[in-house]
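One structure is given here, and the rest of the page talks about it.
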Amino acid sequence: MPTISDFDYQRVPVAEGVTLNAAVGGSGSPIVLLHGFPQTHLMWRHVARDLAADHTVIVPDLRGYGESDKPSDGYSKRTMAADTVALARALGHDRFALAGHDRGAHVAFRAGLDHPGTITHLACLDVLPTLDMWDVMHGASAAVGFHLYLMAQPPGLPEQLIAGASDAFFGHFLDVWTNDPSAIPPDVRAAYLDACRAAVPSIVADYRASASVDVDHDKADRAAGNRLRMPVTVLQQDWGAALGYNAVALWGAWAADLQHETVTCGHFMAEEAPAEVAKSLRALLDR
């Protein structure tokens, strides 16, 4: 199993019955990096080593993914955000910067809203907030997000279908969401597929939560006028052009101090363009 070189690995209890696998390296002000789908903490391997030159970098597998525990429930982004805060606190950090990609970005977004006194800076890579994500999906163009609708279904059928062809299912996204296949070398790709194959029920539970409880939490915050209080950076592909929305306006409704950047690489930007991602994160941390 590949690892992030020069990082120490720890198993850290974050909730009753839930322990996260985390790689920790560097020294200095802390930043936590949360991975996306269908990946593990390894997606941050280049960026993490870069930032570790002058930051304490904490890179966990989310609950339900990789080598972290996979409980049968507890996949609201609120719960997963609480995991992240508990992880950092267990490692000695009451305040920290937070960056997430894909699924990890949804967790990071929720952490920013739920724990504004804890998250000093926030970066979200290639997502919209959950409520906005569903709002912009309509018509034939929504076919690009077929997996969102599949995994939103009641327990049973999605898990059975995906488990029956897990490598084909998860490998599909690794193939079509990247502009540079060489950015995910064979050993890392194999590690992702192995990890996903062993985590089908929990991955589906994570997605299912984003079609139910996560939407409710976003609606409540929108109704209450809650916004992200910390400096926020968003890096995104130009999905708005394809799906007909204004990403800057949607994010601006949630974040007053927003830096929005459109990237030209594929979805897996921390692997395809790690130097650019690290540069953007450093600029965020300087704000």
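Brief remarks follow.
- Within the accessible surface of the chain, defined with a 1.4 Å probe on protein heavy atoms only, the carbon and sulfur portion equals 54 percent.
- With contacts taken as Cα pairs under 8 Å at a separation of at least 6 residues, the chain carries a relative contact order of 21 percent.
- Ala198 versus Asp6: modelled label distance in nm, points set 7 Å from Cα along the beta carbon direction: 2.8
- When nucleic acids and ligands are ignored and a 1.4 Å probe is applied, His41 ends up with an accessible area of around 10 Å².
- Helical mean residue ellipticity (222 nm; -39500 (n - 2.57) per DSSP H run of 4+; nearest 500) of the chain: -12500 deg cm²/dmol
- Paramagnetic label zone (point 7 Å from Cα along Cα-to-C-beta, Leu91; backbone N under 18 Å) in region 247-283: 278, 281-282
- In this rough spin-label picture, where each label sits 7 Å from Cα along the Cβ direction, the His172-Ala220 distance is 3.4 nm.
- Solvent-accessible surface of region 139-181, taken per residue with a 1.4 Å probe and all protein chains present: 52 Å².
- Relative contact order (percent, whole number), region 1-124, Cα cutoff 8 Å, 6+ residue spacing: 26
- Two-site FRET efficiency, Val213 against Asp257, from Cβ-Cβ distance with R₀ of 22 Å, rounded to 0.05: 0.20
- Estimated inter-spin distance, Ala143 and Asp54, nm [label 7 Å along Cα→Cβ]: 4.9
- Cα Rg over Rh - region 226-285, Kirkwood: 0.99
- Taking every alpha-carbon pair under 8 Å whose residues sit at least 6 apart, region 82-149 reaches a relative contact order of 29 percent.
- Local electrostatic count, Asp257, Cβ distance below 9 Å [Lys/Arg +1, Asp/Glu -1]: +2
The values are calculated or read from the model by the stated rules, or taken from the named source; none is laboratory data. None of these values were measured; they are calculated from a predicted model. So basically every Cβ, Gly included, is an ideal-geometry build from the backbone, and we count neighbours across all protein chains shown. Areas reflect the complete protein model, heavy atoms only, side chains present, ligands, DNA and RNA absent. Shrake-Rupley method; radii C 1.70, N 1.55, O 1.52, S 1.80 Å.
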